[in-house]
Amino acid sequence: MTRYLISFNDGAMDHIPAEDLPEVGKDAHAVIQEAVNAGVFVAGAGLQRQRASIVGPDGLVVDGPYPETKEVIGGFVVLDLASKEEALSWAAKIARACRSAQEVRELMDDPEMDAMLRETARRE
């Protein structure tokens with residue numbers, strides 16, 4: 001299985017009238033529940049608008065994002081899926097529910113991190 005990040009940009013849902021937002025939330029939660037029931041959900045959340053802190057390699061903290069940043073992530077879900085085609089299918093469901101386009105990216109495989117997580121889970 002491969003993990004996929006499905007995300008949308010901050011502001012992508014700004015076209016939705018305020019009175020429609022409860023229905024959008026209901027539809028989005030229904031898709032997430034479907035992913036949970038299918039056993040493919042890993043994580044997901046909406047992100048607070050423009051509330052980021054940037055920590056540099058030297059430890060310097062700057063409230064951000066960087067001024068030159070044109071797009072920032074507004075929300076995301078990580079799913080563990082068998083194929084890119086399956087990821088695109090889930091992204092289509094999420095796009096319909098959120099009434100906004102979704103970006104699909106494959107997460108890099110990291111066997112060492114997976115082993116650390118399995119070991120941590122085993123100890124708990």
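Rule-based calculations on the coordinates, nothing more; no lab input. Just so it is clear, the structure is predicted and the values come from calculations on it, not from any experiment. A quick note on method: Cβ atoms are made from the backbone with ideal geometry, for glycine too, and the neighbour counts reach across all protein chains shown.
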Amide H contacts under 5 Å for residue 107, placed H, 5+ residues apart: 3, 4, 5
Efficiency of FRET from Cβ geometry, residue 9 and residue 115, R₀ 35 Å, rounded to 0.05: 0.55
Footprinting exposure proxy for 119, 124, 106 (fewest neighbouring C-beta atoms within 10 Å first): 124, 119, 106
Long-range amide H partners of residue 52 with built H, under 5 Å: 64
For the stretch 18-23, Karplus couplings with θ = phi - 60° (6.51, -1.76, 1.60), whole Hz, Gly/Pro x: 3, 5, 8, 4, x, 5
Simple label model, 7 Å out from Cα along Cβ direction - residue 51 to residue 103, nm: 2.2 nm
Gain on full stretching of the segment that runs from residue 30 to residue 122 - 0.36 nm per residue minus C-alpha separation: 30.0 nm
Under Karplus coefficients 6.51, -1.76 and 1.60, residue-wise ³J(HN,Hα) of the stretch 52-62 in Hz, glycine/proline x: 10, 10, 9, 10, x, x, 8, x, 5, 9, 10
P(r), alpha carbons of the chain - 5 Å bins starting at zero, rounded %: 2, 9, 16, 19, 16, 15, 12, 7, 2, 0
5 angstrom amide H check on residue 73, placed H, neighbours 5+ away: 10
